[in-house]
Amino acid sequence: MSKKQKEQTITIDDKEYKVSDLSQEQVGLVNHVSDLSNKENSMKFNLSQIQGGRNYFMGLLKESLAS
């Protein structure tokens, strides 16, 4: 029994496109957008950690100054 693979698609502005219908240039642009989105999400995660760490150490500093 062979399973049919679902054709890869991407959705942009609520419109679905078959990857097989895209030009090489368009596939390259899709890859750039995808990579940049991943980097943006990673930076947001890192920023959240940095802000949390800064707040923690600021709290320790304030405690030490209050004593």
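None of the figures in this text is laboratory data; all of them are computed from the coordinates on show. Since we're looking at a predicted model, the values are computed, not measured. Virtual Cβ from ideal backbone geometry, glycine too; neighbours counted across all protein chains shown.
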**Request:** Express the Stokes-Einstein translational diffusion coefficient of the chain in µm² s⁻¹, to the nearest whole number, given a Kirkwood radius over alpha-carbon pairs, 25 °C and a viscosity of 0.890 mPa s.
**Result:** 152
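Going by how many other Cβ atoms sit within 10 Å of their own, how do Ser20, Ser67 line up, fewest first?
Values: Ser20 9, Ser67 4.
Final ranking by Cβ density, sparse to dense: Ser67, Ser20.
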**Prompt:** Nearest 10 degrees, 0 to 90: what angle lies between the long axis of helix 24-66 and the longest principal axis of the chain (Cα atoms)?
**Reply:** 10
